[in-house]
1. What's the number of the condition residue 345 fails, among (1) surrounded by fewer than 16 Cβ atoms within 10 Å (Cβ to Cβ); (2) at pLDDT below 90?
2. Exactly one of (1) out of contact with any strand residue (DSSP E or B) (no Cβ under 7 Å at 6 or more places or on another chain); (2) closer than 19 Å to residue 358 by Cα; (3) surrounded by fewer than 17 Cβ atoms within 10 Å (Cβ to Cβ) is unmet by residue 292. Its number?
3. Consider residue 190 carefully, then state whether it is within 13 Å of the chain's Cα centre (by Cα) and without any contact (Cβ under 8 Å) to a residue 60 or more places away in the chain.
4. Over 24 Å from the mean Cα position of the chain (by Cα), exposed (fewer than 15 other Cβ atoms within 10 Å of the Cβ) and not assigned by TED's automatic domain parsing to the domain that holds residue 174: which single residue out of 330, 339 fits that description?
5. Looking only at residues that are in contact with a helix residue (DSSP H, G or I) (Cβ under 7 Å, 6 or more places away or on another chain) and not in a strand (DSSP E or B) in the stretch 53-94, which one is modelled with the highest pLDDT?
6. Considering only the stretch 323-361, how many residues are without any contact (Cβ under 8 Å) to a residue 24 or more places away in the chain and part of a loop (DSSP other than H, G, I, E, B)?
7. Within 14 Å of the chain's Cα centre (by Cα) and either outside the structural domain of residue 341 (by TED's automatic domain parsing) or buried (at least 21 other Cβ atoms within 10 Å of the Cβ) (or both): is that true of residue 144 in this structure?
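The values are calculated or read from the model by the stated rules, or taken from the named source; none is laboratory data. Note that the structure is a prediction, hence the values are computed from the model and not measured. Methodologically, a virtual Cβ is constructed for each residue, glycine included, from the backbone with ideal geometry; neighbour enumeration extends over all protein chains shown.
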């Protein structure tokens, strides 16, 4: 199919999805391949054909209409193969290409169902505003400066707007904030919530605008004039709990627990645990290590961090227990603080490593006893 014809067909596809069962005051024009021009109001796409009410809009510019005055108000039907191009008056290209839904997101026991079904690879734009009050704390979609270890994303800002595609607890959680564009990694319903563990004292809501491009590439039968084909909508369960209810992220197995030692000289102790994006992990540590002669013995929380340092996690003190995930390509994620206890959700697939937060391991000693539940 030639590029020009593809463009025209895409416009026609968008038009049909936009105008189904709707009427407009502005004039619409269909140019047919046999040279005729039909002017009126496009009503929609019915049984594989475009429906247009002839002559119901003012005619200007010398454009002629098929039919006679007696045809005015008559509904005529045309197959896509008969149409050369379509012109729509009074509607922008973005109005044709995109659809937008606004969702009110409260801090509630369950994730909020956006009502939007996404396809894998689909681009989604999110814009949010509004305020939620949790006790005396005022929360905006960008969240607070603090974190909440009991939140769905414990290492992200407390109260930040987050989203997930699908009802599978294995689905990775997206940090959205005030404005974000992301690509759906799977087919599924879009769910939204606020990144906070407690919800009983919350009031107010975020107003979230979900903007996605209309599907113009729906599979169709080349021998059928119905250019839309059958779009099978994803129909997941409409309620997604904020916390998994079956095992670890619903992977049909009992949560496992191991205990390992992390020496004070560790730049990266292999836990032999392969995580999947969305897995929830709880780490508890005890014991002491020697974080160099100057710092001395410290627990998993580490010593006092200096204003300027070169530690892997600069906001944590020397000797603190930290972790990172090694990806399949050999790269590692940003190290994160663990301390005495931390619960987090893995943001990517990879092997979990634990380490000591220090920039000189030559005079370190001791070890932490670390229990990992995953």
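1. Unmet for residue 345, out of (1) surrounded by fewer than 16 Cβ atoms within 10 Å (Cβ to Cβ); (2) at pLDDT below 90: (1).
2. (3)
3. no
4. Result of the check over 330, 339: 330.
5. The extreme case among them is 80.
6. Of the residues in that region, 8 qualify.
7. In short, no.
Here is a yes/no grid of residues against (1) within 30 Å of residue 168 (Cα to Cα); (2) outside the structural domain of residue 186 (by TED's automatic domain parsing); (3) at pLDDT 90 or above; (4) not in a strand (DSSP E or B):
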residue: 266; (1), (2), (3), (4): no, yes, yes, yes
residue: 281; (1), (2), (3), (4): yes, yes, yes, no
residue: 305; (1), (2), (3), (4): no, yes, no, yes
residue: 318; (1), (2), (3), (4): no, yes, yes, yes
